[in-house]
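**Q** My structure is below; once you've seen it, I'll send some questions.
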Amino acid sequence: MASNKAGNEGVSRREFIHVMSAGAGAVAVGAAVWPLIDQMNPSADVLALASTEVDLSAIEVGQSVTVKWRGKPVFIRRRTDAEIKEAESVNAADLPDPQPDADRVQKPEWLVMVGVCTHLGCVPLGQQGDYNGWFCPCHGSHYDTSGRIRKGPAPTNLEIPAYRFLDDSKILIG
Amino acid sequence: MASAAFEPKNSAVKWFNDRLPILGLLHGTFVSYPAPKNLNYWWNFGSLAGIALMVQIITGIVLAMHYTPHTAMAFNSVEHIMRDVNYGWLLRSIHANGASMFFIVVYTHIFRGLYYGSYKAPREMLWILGVVIMLLMMATAFMGYVLPWGQMSFWGATVITNLFSAIPLVGDSIVTFLWGGFSVDNPTLNRFFSLHYLLPFVIVGVVILHIWALHIQGSNNPLGVDVKSKQDTVTFHPYYTAKDLLGLGVFFLVFSYFVFFNPDMLGHPDNYIPANPMVTPPHIVPEWYFLPFYAILRSVPDIGIPFTDIVFVKAKLAGVIAMFASILVLVVLPWLDKSSVRSAKFRPLTNGFFWILLADLVVLTIVGGKPAEGIWPVIGLIGTVYYFAHFLVITPIVSRIEKTKPLPESISSPVVK
């Protein structure tokens, strides 16, 4: 009879086959469970609606529009000169989430951002709050005219979505 | 606890039970279970909780026959239930108010356990299973509140699911995963309906474990001393079935007041406005039973070194951690309380701090319903700090230094000499 000790590692064939079958079993279970988990992630049709085209020509200086993108509001504001000046004059390093205004806009006149408070997802109200920007009524976060968090529980500035100007009066969000 | 053996007289029943002893199991649980003979009315709330769960499951199953879990139809299907479905108004009113009644009963049940030391050895597993049930109830209630798809449904779902975005690195992916999209939308409503239907049955399973664990060690009692002899107990039936039925009558009277005379008192008027993802209501509040936890969530500031810019944990993450910790701290309570005496009746300091804790939770409930401005966040923070201090500082210290009153020799000894 051959010994069931294989080699000089002291590992028996039985132990080896246990580890191998348990390993194969774990892989098989993982492969079977993954579809059950991944079905929770966004489906193809949800992902397909991931971009929105907006015509800006009707928006006057000092006006805002809210458009829906991925089920969320996106604020598009044609800022006044005073608002732009206010946003640019702030020393970015002093802010809770330091970011100069220039990093948040492609053209200073047009501020495009996701209208979802970075605290817990409410929609902030426009041209309100201590910094004349946006104010979230849920838990009292104040954003400035660049959508940067200035006061309150929100950890970061309002998110800037990926967008590009198709021409002077049209943008594509997403 | 050994129950008296089940010996059916009817030969058919005996034949059945010899092959599947489920009747004996039920007999041992609801008839011959030897319960301490000094249980007071605070012990009604266990069976009341079981009945409240049954009411929710039964009304829920029939409501699901008329409800449509789709963003375009959910709100209208609830109105259809209220206006068109035979007795729909009654069923929905029972189900919606039943959630509140369930929480009242369960919170009372928990505080009874806290007061009389029911969490202490040898009932730790019983207590922990209870915490699991409470967590499952909260998840179920939260998802149920989303289903009518009103403004509070939508924004409550948004705020609560966003809690998970506080988790470092993977937070946003988790939130997308929970939503099935990039915001609370139809996939979210659909899965919440599925889970809201599933979880009550999971609760039933954990309740069975809870009762199993109860029957291994037997019920605690107002004196908190162990059952020493048969003289200390009475059979569950007829003594506690009768006592529980009286309590049940009172419970149904209170329940009926809300169902028939004030069905929307515990709800929020904004939930009769259909969900609108573009407009947040000015003041989002959860249902009353979540208010203390909501207050804890909102009141925690950035955690760091005071008077410097050094922040270890941002307020958002700290609030989320504090909120979950406020429930999970109950899991370790049996090991934080070092006293060998269970009942607060014999623990003068513990008795006092119990009532302060209760008052603290009332304060947190009030704070949770107020806007997060002015004095309220400060009161909320004080209440939160006290809540954790109660469990993590006061309980360990008091249970070591407290001079307890002398315990009776047994449950019977104060009356039988």
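**Q** So which residues in segment A:120-149 are touching a Leu at 6+ places or on another chain (Cβ under 9 Å), at pLDDT 85 or above, in a loop (DSSP other than H, G, I, E, B) and within 12 Å of chain B (Cβ to nearest Cβ), if there are any at all?
**A** If the condition is that a residue be touching a Leu at 6+ places or on another chain (Cβ under 9 Å), at pLDDT 85 or above, in a loop (DSSP other than H, G, I, E, B) and within 12 Å of chain B (Cβ to nearest Cβ), then A:PRO124 is the only one that fits.
Residues checked against (1) assigned to a helix (DSSP H, G or I); (2) crowded, with 17+ Cβ neighbours inside 10 Å; (3) more than 14 Å from every other protein chain (Cβ to nearest Cβ):
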| residue | (1), (2), (3) |
| --- | --- |
| B:PHE182 | no, yes, no |
| B:PHE192 | yes, yes, no |
| B:LEU223 | no, yes, yes |
| B:LYS228 | no, no, yes |
| B:VAL250 | yes, no, yes |
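**Q** Report the residue count in segment A:137-155 for those that are touching a residue at least 60 places away in the same chain (Cβ under 8 Å) and closer than 21 Å to B:VAL279 by Cβ.
**A** Qualifying residue count for the region: 1.
**Q** Another question, then. With (1) in a helix (DSSP H, G or I); (2) open to solvent by less than 40 Å² (accessible area, probe 1.4 Å); (3) away from chain A (no Cβ under 13 Å); (4) among the charged types (D, E, K, R) as the list, and B:ARG342 as the residue in question, which single condition is left unmet?
**A** The single condition B:ARG342 does not satisfy is (1).
**Q** Is it true that A:ASP81 is surrounded by fewer than 16 Cβ atoms within 10 Å (Cβ to Cβ), more than 14 Å from chain B (Cβ to nearest Cβ) and free of Cβ contacts under 8 Å to residues at least 24 places away in the same chain?
**A** On the way: surrounded by fewer than 16 Cβ atoms within 10 Å (Cβ to Cβ): yes; more than 14 Å from chain B (Cβ to nearest Cβ): yes; free of Cβ contacts under 8 Å to residues at least 24 places away in the same chain: yes.
Yes: the conditions hold for A:ASP81.
**Q** Also, I was wondering about something else. For B:TRP212, all conditions in the list (1) surrounded by fewer than 17 Cβ atoms within 10 Å (Cβ to Cβ); (2) within 28 Å of B:LYS314 (Cβ to Cβ) hold save one; what is the number of the exception?
**A** So the condition that B:TRP212 fails would be (2).
**Q** What number goes with the only condition from (1) over 25 Å from the mean Cα position of the chain (by Cα); (2) more than 14 Å from every other protein chain (Cβ to nearest Cβ); (3) assigned to a helix (DSSP H, G or I) that B:ALA325 does not pass?
**A** (1)
**Q** Out of curiosity, is B:LEU178 open to solvent by less than 70 Å² (accessible area, probe 1.4 Å), outside any helix (DSSP H, G or I) and not small (Gly, Ala, Ser)?
**A** Details: open to solvent by less than 70 Å² (accessible area, probe 1.4 Å): yes; outside any helix (DSSP H, G or I): no; not small (Gly, Ala, Ser): yes.
Taking the combined requirement at face value, the residue does not satisfy it.
So that you can scan it fast, the table gives a plain yes or no per residue for (1) farther than 26 Å from B:ILE284 by Cβ; (2) in a loop (DSSP other than H, G, I, E, B):
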| residue | (1), (2) |
| --- | --- |
| B:VAL320 | no, no |
| B:LEU349 | yes, no |
| B:VAL363 | no, no |
| B:LYS403 | yes, yes |
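Table: residues versus (1) among the hydrophobic types (A, V, I, L, M, F, W, C); (2) open to solvent by 60 Å² or more (accessible area, probe 1.4 Å); (3) closer than 30 Å to B:TRP155 by Cβ; (4) modelled with pLDDT under 90.
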{"site": "A:PHE16", "(1), (2), (3), (4)": "yes, yes, no, no"}
{"site": "A:GLY23", "(1), (2), (3), (4)": "no, no, no, no"}
{"site": "A:ASN41", "(1), (2), (3), (4)": "no, no, yes, no"}
{"site": "A:TRP69", "(1), (2), (3), (4)": "yes, no, yes, yes"}
{"site": "A:VAL112", "(1), (2), (3), (4)": "yes, no, yes, no"}
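**Q** Applying the selection to segment B:81-126, what residues are among the hydrophobic types (A, V, I, L, M, F, W, C) and within 12 Å of the chain's Cα centre (by Cα)? Please lay out each step first, then the result.
**A** The initial filter retains those residues of segment B:81-126 that are among the hydrophobic types (A, V, I, L, M, F, W, C), namely B:81-82, B:85, B:89-91, B:94, B:96, B:99, B:101-106, B:110-111, B:114, B:121, B:125-126.
Hits for segment B:81-126 are B:ALA99, B:MET101, B:PHE102, B:PHE103, B:ILE104, B:VAL105, B:VAL106, B:ILE110, B:PHE111.
**Q** Moving on to the next point. State all residues of segment A:89-119 that are without any contact (Cβ under 8 Å) to a residue 40 or more places away in the chain, away from chain B (no Cβ under 11 Å) and of a type in the set (Asp, Glu); if no residue qualifies, say none.
**A** Once the filter is applied, which keeps residues that are without any contact (Cβ under 8 Å) to a residue 40 or more places away in the chain, away from chain B (no Cβ under 11 Å) and of a type in the set (Asp, Glu), segment A:89-119 yields only A:ASP103.
**Q** Could you run through segment B:271-297 and say how many residues are in a helix (DSSP H, G or I) and either of a type in the set (A, V, I, L, M) or farther than 15 Å from B:ALA325 by Cβ (or both)?
**A** Going through segment B:271-297, the residues in a helix (DSSP H, G or I) turn out to be B:271-272, B:288-297.
Imposing the further condition that a residue be either of a type in the set (A, V, I, L, M) or farther than 15 Å from B:ALA325 by Cβ (or both) reduces the set to B:271-272, B:288-291, B:295-297.
Matching residues across segment B:271-297 total 9.
**Q** May I pose another question? Test B:ASN76 against the criterion of being assigned by TED's automatic domain parsing to the domain that holds B:TRP212, open to solvent by 30 Å² or more (accessible area, probe 1.4 Å), polar (S, T, N, Q) and touching a strand residue (DSSP E or B) at 6+ places or on another chain (Cβ under 9 Å), and give yes or no.
**A** So B:ASN76 fits the description; yes.
**Q** Continuing with the same structure: Considering only segment A:134-153, state which residues are under 24 Å from B:TRP376 (Cβ atoms), touching a helix residue (DSSP H, G or I) at 6+ places or on another chain (Cβ under 8 Å) and open to solvent by less than 10 Å² (accessible area, probe 1.4 Å).
**A** A:CYS138
**Q** Contact list please: Cβ distance under 6 Å, first residue in segment B:101-114 and within 20 Å of B:VAL331 (Cβ to Cβ), second residue open to solvent by less than 20 Å² (accessible area, probe 1.4 Å), pairs at least six apart or on different chains.
**A** Between residues of segment B:101-114 that are within 20 Å of B:VAL331 (Cβ to Cβ) and residues that are open to solvent by less than 20 Å² (accessible area, probe 1.4 Å), the close pairs are B:PHE103/B:TYR289; B:VAL106/B:ALA49; B:HIS109/B:ALA49; B:GLY113/B:TYR119.
**Q** Kindly list the number of the only condition in (1) in contact with a Gly (Cβ under 7 Å, 6 or more places away or on another chain); (2) within 10 Å of chain A (Cβ to nearest Cβ); (3) more than 30 Å from A:ARG70 (Cβ to Cβ) that fails for B:PRO301.
**A** (1) is the only condition that B:PRO301 fails.
**Q** Which of the residues spanning segment B:142-173 are within 12 Å of chain A (Cβ to nearest Cβ), open to solvent by 20 Å² or more (accessible area, probe 1.4 Å) and more than 22 Å from B:THR71 (Cβ to Cβ)?
**A** If the condition is that a residue be within 12 Å of chain A (Cβ to nearest Cβ), open to solvent by 20 Å² or more (accessible area, probe 1.4 Å) and more than 22 Å from B:THR71 (Cβ to Cβ), then B:PRO168, B:ASP172, B:SER173 are the ones that fit.
**Q** List every residue pair whose Cβ atoms sit under 7 Å apart, with the two residues 6 or more apart in sequence or on different chains, where the first one lies in segment B:250-269 and is farther than 21 Å from B:TRP149 by Cβ and the second, anywhere, is exposed (fewer than 15 other Cβ atoms within 10 Å of the Cβ) and of a type in the set (A, V, I, L, M, F, W, C).
**A** B:PHE258/B:MET265
The values are calculated or read from the model by the stated rules, or taken from the named source; none is laboratory data. Note that this is a predicted model, so its numbers are computed, not measured. Neighbour counts run over all protein chains shown; Cβ positions are idealised from the backbone, glycine included. The area values use the complete protein model at the heavy-atom level, side chains included, leaving out ligands, DNA and RNA. Shrake-Rupley method; radii C 1.70, N 1.55, O 1.52, S 1.80 Å.
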